[in-house]
Amino acid sequence: MRLIRSIKKMYEFSKKAHLEGKTIGFVPTMGYLHQGHLSLIRKARKENDIVVVSIFVNPIQFGPKEDFKKYPRDLKRDMNLAKQVGTDVIFYPDAKDMYPEGFKTYVNVEELSEKLCGKFRPGHFKGVATVVTKLFNIVCPDIAYFGQKDAQQAIIIKRMVADLNIPVKIKVLPIVREKDGLAMSSRNTYLNEKERKDALVLYQALNLAKELIKSGITDTKTIIRKMRQLIEKKKNAKIDYIEIVQMENLKSLKVISDNCLIALAVWIGKTRLIDNIIVNKYEK
Ligand code: PAF
């Protein structure tokens with residue numbers, strides 16, 4: 001496995017691979033890899049000749065009061081894990097090279113970026129869309145892999161790739177959960193023992209929604225109210241949002257429809273967690 005820090009070297013590596021007729025699968029990450037990331041890398045390994053994983057804690061997707069500084073970082077640990085699942089190249093650029101002095105160009109996917117998490121994290125998705133565009137231009141992948149856990153991010157990136165004719169296929173893979181149901185996230189490392197237990201309430205609320213829908217309730221207001229009541233039983237939980245939306249455009253739904261997204265963001269103590277499920281009203 002190679003570690004490439006230089007943007008130029010990364011680009012040249014990819015160009016050569018393409019000239020040799022090889023396909024590149026790409027998994028963009030901010031590091032501190034967990035089983036969710038590893039499932040993306042494994043899939044990329046199965047489907048491509050070369051697997052590139054980027055590790056870059058992207059400063060422009062963090063708000064001024066967010067956790068950029070304390071975001072967990074451990075390159076050695078990540079390299080070990082990435083190697084075990086068959087990564088060929090770790091791309092590990094420097095922020096100064098990604099955003100040199102004079103940097104002025106951003107990618108913004110309108111409307112979709114202002115909904116759900118966008119309401120609470122202004123500028124976040126602009127930062128994500130910009131860095132992902134840059135990474136696509138540097139790594140030149142055939143297929144890029146994202147997790148369903150960041151559902152809004154995946155929808156925004158699919159839109160961006162379609163709108164800007166970026167020649168990359170986007171694949172979104174299912175959420176990987178801990179045994180008890182907590183969605184895997186690098187931010188789970190912030191939780192203390194009590195918070196870790198309380199964090200389960202996100203998954204429980206999503207399951208409650210599923211049960212309510214199964215029992216025939218289709219009014220989204222009722223479902224959201226019951227989810228809210230369940231979460232608010234936890235003293236250290238603070239809800240940013242619970243929303244039931246249409247998958248493609250993230251528009252709020254009054255009534256459950258096929259393949260709708262139930263998404264929520266909840267603070268457990270000082271840690272902001274997100275989770276979601278896709279529900280089909282005919283699912284039994
Ligand atoms: O999902 C993430 O880890 C990040 O948002 C991404 C896609 C690597 C961009 O920084």
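For the stretch 67-138, report the accessible area per residue in Å² (1.4 Å probe, heavy atoms, rounded to an integer).
Working: 3960 Å² over 72 residues.
Accessible area per residue, the stretch 67-138: 55 Å².
Do any trypsin sites (Lys or Arg not before Pro) in the stretch 127-219 lie in a loop, going by DSSP, with at most 14 other beta-carbon atoms within 10 Å of their beta carbon, and if so which?
Here the sparse-neighbourhood loop sites are Lys179.
Calculated FRET efficiency, Lys83 and Ser215, Cβ-Cβ r, R0 41 Å, to nearest 0.05?
Rounded to the nearest 0.05, the efficiency is 0.30.
At Lys8 and Asn192, where each label point lies 7 Å from the Cα along Cα→Cβ, what is the point-to-point distance in nanometres?
It works out to 5.0 nm between the two label points.
For the chain, which whole-number percentage of the solvent-accessible area (1.4 Å probe, protein heavy atoms only) is attributable to carbon and sulfur atoms?
Solvent-exposed carbon and sulfur of the chain make up 51 percent of the total.
Give, rounded to the nearest 20 debye, the magnitude of the charge dipole that the stretch 1-111 has about its Cα centre when Lys and Arg contribute +1 at Cβ and Asp and Glu contribute -1 at Cβ.
Result for the stretch 1-111 is approximately 440 debye, rounded to the nearest 20.
Enumerate the residues in the stretch 187-208 having an amide nitrogen under 20 Å from the point lying 7 Å beyond the Cα of Asn280 toward its Cβ.
206-208
Using a 10 Å Cβ count of at most 16 others and DSSP loop calls, identify the longest part of the chain lacking such chymotrypsin sites (Phe, Trp or Tyr not before Pro).
107-281
Excluding ligands and nucleic acids, what accessible area in Å² is computed for Met247 using a 1.4 Å probe, to the nearest 10?
For Met247, solvent-accessible area is about 40 Å².
If a/c stays under 1.5 just call it rounded; otherwise compare a/b with b/c (prolate if a/b is bigger, oblate if not). Do that for the chain, with a ≥ b ≥ c from the square roots of the Cα gyration tensor eigenvalues.
It is prolate, given that a/c is not under 1.5 and a/b is the larger ratio.
May I ask you to evaluate 6.51 cos²θ - 1.76 cosθ + 1.60, the Karplus curve with θ = phi - 60°, for each residue of the stretch 103-112 and list the ³J(HN,Hα) values in order in whole Hz, giving x for glycine and proline?
Running phi through 6.51 cos²θ - 1.76 cosθ + 1.60 with θ = phi - 60° gives 4, 9, 10, 10, 10, 10, 8, 5, 6, 4 Hz.
Determine, from the Cβ-Cβ distance of Val255 and Asn137 and an R0 of 45 Å, the FRET efficiency 1/(1 + (r/R0)^6), rounded to the nearest 0.05.
In this case the efficiency is close to 0.60.
The values are calculated or read from the model by the stated rules, or taken from the named source; none is laboratory data. What you see is a predicted model, and the numbers here were worked out from it, not measured in a lab. We place every Cβ from the backbone using ideal geometry, glycine too, and count neighbours over all the protein chains shown. To get the accessible areas, we keep the full protein, side chains included, count just its heavy atoms, and leave off ligands, DNA and RNA. Shrake-Rupley method; radii C 1.70, N 1.55, O 1.52, S 1.80 Å.
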